[in-house]
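The block underneath contains the structure these notes are about, expressed in structure tokens.
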């Protein structure tokens, strides 16, 4: 009787794990994606009041992404290399760059925000519209206008930019270089 119970418990756990893996796989498969560039593809979705940006490696080789900068030895991550192309409901288009207003200045060490992305893997970030600003118009958040507004995320891959004395070899990392854009997301207000 104990053996039957053990087998039943193992079978239930296996089914649970299988359904969890299937559900998470279905999530990335149902996302809309932009065109791939050099094996990297980008997605932009809206979840409640947040935006979700996903980067995935559909190539057959592992890649390393430099998403921006990290402060305090990785305690603060600033994906400065991600921006949003915003077209408001009146048709005005402008580029908004990531800017976490909680950290307006730097008084210490900065490191590159490095994300290794194995072939077939996905890395996802959460954002809010007030984490972006437009230098050209001095807008410090994306304000949706009544009607349809459109957003497209962009990632600019770069080499190491913040080489510190204790990590000089980081400049030899084979970073993915290029520009990839997501699908265009329509948000209606």
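Values in this text are rule-based calculations from the coordinates and carry no lab data. Model, not experiment: these values are computed from the prediction. Every residue, glycine as well, gets a Cβ built from its backbone with ideal geometry; the counts of neighbours run over all protein chains shown.
Suppose the chain between residue 50 and residue 171 were pulled fully straight at 0.36 nm per residue; how much longer would it get relative to their current alpha carbon spacing? Provide the component values of the computation, followed by the final result.
Working: separation 121, 0.36 × 121 = 43.56 nm, distance 3.36 nm.
Additional length available on full extension: 40.2 nm.
By count of other Cβ within 10 Å, fewest leading, how are 87, 137 ordered?
Values: 87 16, 137 11.
Fewest-to-most ranking of 87, 137: 137, 87.
Using only the Cα atoms of the chain, each taken as one equal point scatterer with no solvent, compute I(q) by the Debye sum, divide by I(0), and report log10 of the ratio at q = 0.14, 0.15, 0.17, 0.19 Å⁻¹.
-0.86, -0.95, -1.14, -1.32
Averaging sequence separations of C-alpha pairs under 8 Å and six or more residues apart, then dividing by the length of the chain, give the relative contact order as a whole percent.
Reported relative contact order: 26 percent.
As a footprinting exposure proxy, order 37, 106 by other Cβ within 10 Å, with the fewest listed first.
On the way: 37 15, 106 12.
If I rank by nearby Cβ atoms, fewest first, I get 106, 37.
With a 10 Å Cβ neighbour count serving as the proxy for reagent exposure, in which order, fewest first, do 71, 167 appear?
Numbers: 71 18, 167 12.
Ascending number of Cβ neighbours within 10 Å: 167, 71.
Starting from the Cα-Cα distance between residue 119 and residue 139, subtract it from 0.36 nm times their residue separation and give me the gain in nm to one decimal.
Numbers: separation 20, 0.36 × 20 = 7.20 nm, distance 3.75 nm.
So the extension gain works out to 3.5 nm.
Tell me the angle of helix 2-30 to the major Cα principal axis of the chain, expressed in degrees between 0 and 90 and rounded to the nearest ten.
30
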